[in-house]
1. So which trypsin sites (Lys or Arg not before Pro) in the range A:46-147 end up in coil per DSSP with only 15 or fewer other C-beta atoms within 10 Å?
2. Give me the inter-chain shielding for A:88-95: mean count of other chain Cβ atoms within 10 Å, whole number please.
3. When the Kirkwood radius is taken over all Cα pairs of the range A:115-204, what Stokes-Einstein diffusion coefficient follows at 20 °C and 1.002 mPa s, in µm²/s?
4. To the nearest 500 deg cm²/dmol, what mean residue ellipticity at 222 nm is calculated for chain A from DSSP H runs of n ≥ 4 alone, each contributing -39,500 (n - 2.57), summed and divided by the residues?
5. Enter the angle in degrees (range 0 to 90, nearest 10) between the Cα long axis of helix B:186-215 and the first principal axis of the Cα atoms of chain B, meaning the one along which they spread out most.
6. Scan chain B and hand back the longest stretch that contains none of the chymotrypsin sites (Phe, Trp or Tyr not before Pro) lying in DSSP loops with at most 16 other Cβ atoms within 10 Å.
7. Any idea what Rg and Dmax come out to for chain B if you just take the C-alpha atoms, in Å?
8. Once both axes come from the Cα atoms, what is the angle between helix A:139-152 and the longest principal axis of chain A, in degrees from 0 to 90, rounded to 10?
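No lab work stands behind these numbers, since they all come straight from the coordinates. In this text the structure is predicted, and so the values were computed from the model without any measurement. Cβ: placed from backbone, ideal geometry, glycine included. Neighbour counts: every protein chain shown.
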Amino acid sequence: MKSLTLRNLHKTYFDPAVGTRVTAIQDVSLEIGPGEFVAVVGPAGCGKSTILNMVAGFLPATRGDIIVGDRPVKGPGRDRGVVFQNFALLPWKTVIDNVGFGLKMRGIAKPERDRIAMEFLELAGLSHAAERYPNELSGGMQQRAGVVRALANEPDVLLMDEPFASVDAQTRMTLQEELMRIWGERRHTVLFITHDVGEAVFLADRVVVLSKGHVLREIPITIPRPRG
Amino acid sequence: MSHSAAPIEMGQGPGAARHLRQAATFVAPLVVLFLCWPLLVSAFGVDARVFPGVKAVFAAAVESVSDGSLLAHVAASLGRVAAGTLLAVVVAVPLGVAMGVNAGVSAFLTPLFRFFSVLAGIAWIPIATLWFGYGFGAITFVIFNAVFFIVAYNTLLGVTAIPMRLRHAAASLGASRLAMVTEVLLPGALPNIVTGIRTGLGFAWRGLIAAEMIATNVGLGYMLFVARDFYRTEVIVLGMIVIGILWLLIDRLILAPLERATIERWGVVQRA
């Protein structure tokens with residue numbers, strides 16, 4: 001596991017509706033230690049997803065540095081695994097091929113990547129759905145696949161963008177508990193974006209409150225695990 | 001009979017029956033037309049030089065099959081369609097993908113491709129004969145154009161319709177530029193590409209018949225046109241029947257199932 005450092009991060013963009021440059025992120029600095037779970041919370045439009053998109057390399061920062069371990073971020077890369085709000089599974093691939101996708105990109109042969117993908121599917125309780133297509137799965141099952149797809153690629157940092165926002169409340173609780181179980185075993189460095197304060201407190205070592213593009217407060221959560 | 005069937009057969013039974021019913025619904029009007037034809041011809045005493053009887057057409061079919069001329073015409077026509085279509089798809093798909101990944105390029109080229117998509121087909125015949133002379137080149141060019149612009153445009157549409165998050169997901173899992181094309185863009189655009197090929201081939205088939213009337217000495221279009229010079233209406237009608245049936249077979253047995261299969265698998269999530 002590696003650390004994730006955000007240093008004096010800025011993001012401005014031209015808003016055609018307003019006709020001027022708008023500041024989305026204003027001087028955000030954040031240090032996430034190896035194996036630490038940090039949640040960023042804030043209302044819609046506070047810039048929390050913008051931060052994740054910049055860390056993932058999907059969006060260039062206007063100013064500032066993003067560093068994983070000791071390497072600055074330049075574009076998307078497999079050192080940062082991303083879990084998307086709407087799962088973003090490839091609809092034309094089976095679940096096992098989705099989970100093995102990162103391994104395939106690393107040139108690992110089919111039998112080996114199927115074996116590894118199957119291990120991760122078992123971890124998520126999804127081995128029975130290995131040969132199904134994403135659209136045949138419930139939202140909760142799709143997101144389990146989305147989480148282990150990121151994990152199977154052995155990222156240094158896990159980036160989660162409101163991953164449980166589009167499943168029902170019951171499923172969300174189950175997924176949160178499963179995430180805690182997996183994280184407890186593997187201790188990934190996690191940047192977790194959510195608008196749900198309860199979720200942030202349940203999951204994270206530290207909660208960062210974001211408002212209008214800057215950090216309002218950082219709150220360490222000292223409640224012993226398991227929580228709930 | 002269904003009460004003793006295994007569950008799996010019960011599942012397939014109604015589906016197969018529905019397919020059969022659909023096929024029957026499709027074929028029935030054609031059969032009615034075929035039955036009315038000799039009645040009408042004899043009832044009104046239609047002259048064979050205006051419209052042929054069934055027997056004459058049947059005789060023409062037997063003759064042209066036995067002397068091999070029908071096969072030669074069909075082979076020539078299908079060969080041109082295959083060559084033109086294959087060439088068009090091979091060029092159009094990579095081009096459509098390349099354009100689709102660049103927003104500026106796609107915005108610029110979209111109106112042009114729409115314009116040429118509408119134009120495609122018969123309108124190219126005069127200039128094609130000027131450029132290539134009469135024969136294979138001109139006709140293949142007409143077919144190429146009919147398929148090329150529609151497939152390129154559809155590929156472009158398909159690529160731009162792929163949700164950005166899928167490209168982001170692939171990139172964050174380590175996909176190279178090449179892998180992005182083969183693993184995300186091509187499969188993502190496949191339903192549109194297949195739809196484009198089906199639409200383009202429809203235009204190409206019509207364009208082919210027209211082009212063959214003008215620009216060649218073998219092929220189904222030529223067969224019709226030359227028969228006209230000799231008042232051989234039975235050959236003309238035979239050719240029309242063959243042209244229609246061939247297209248129905250290509251469309252119903254190859255293109256439509258292909259389109260359905262890709263849209264069912266690939267499209268559900270994307271189009272929802």
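1. For trypsin sites (Lys or Arg not before Pro) across the range A:46-147 that sit outside H, G, I, E and B with at most 15 neighbouring Cβ atoms in 10 Å, the list reads A:Lys74, A:Arg106, A:Arg132.
2. The mean count of partner-chain Cβ atoms within 10 Å per residue comes to 6.
3. In µm²/s, the coefficient is 158.
4. -9500 deg cm²/dmol
5. Approximately 30 degrees, to the nearest 10.
6. Between the exposed loop sites, the longest stretch runs B:135-229.
7. Calculated on Cα positions, Rg and Dmax stand at 23.2, 76 Å.
8. Approximately 90 degrees, to the nearest 10.
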